[in-house]
1. Taking the Cα of M53, stepping 7 Å toward and past its beta carbon, and measuring to each backbone N in the stretch 14-37: which are under 14 Å?
2. Among rounded, prolate and oblate, which fits the stretch 11-53 when a ≥ b ≥ c are the square roots of the eigenvalues of its C-alpha gyration tensor, a/c under 1.5 means rounded, and a/b larger than b/c means prolate?
3. May I ask you to compute the full-extension gain from I13 to E26, defined as 0.36 nm times their residue separation minus their alpha-carbon distance, rounded to one decimal in nm?
4. Let me know the shape class of the stretch 35-87, please: from the alpha-carbon gyration tensor, a ≥ b ≥ c as square roots of the eigenvalues, rounded when a/c is under 1.5, otherwise prolate if a/b is greater than b/c, or oblate.
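Every number here is computed from the coordinates shown, using simple stated rules; none is lab data. Bear in mind the structure is a predicted one, so any value in this text is a computation, not a measurement. Methodologically, a virtual Cβ is constructed for each residue, glycine included, from the backbone with ideal geometry; neighbour enumeration extends over all protein chains shown.
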Amino acid sequence: MKKKSTGNKMSEINPRMFYMVRNNDESQYSGTGRVLDGVVFPNGKTVVSWRTMLSSVTVYDSFDVFKGLHIDQHPTNKTEIVWKEPKLEKGEC
């Protein structure tokens, strides 16, 4: 019997976990090294948890919004994003 499709393509995509490494800290607040952990959900929402002394958890509408605020605006920090697993294509396990 053929499985009925629900039409929900997001159900076939796994969340992607990452962490952020700052090699410099121009603000002198978040520090250097691994400063946050994050996850990008299939709908694009991005959640990050800062590893600072006053830690916070924040939800962004997309990874690009997060990146624009915390990476692109601070090029001297030489920030790196490390993906904990490669991006999987549809149908891969």
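1. 28-32
2. prolate
3. Working it through step by step, the gained length comes to 1.1 nm.
4. Verdict is rounded for the stretch 35-87.
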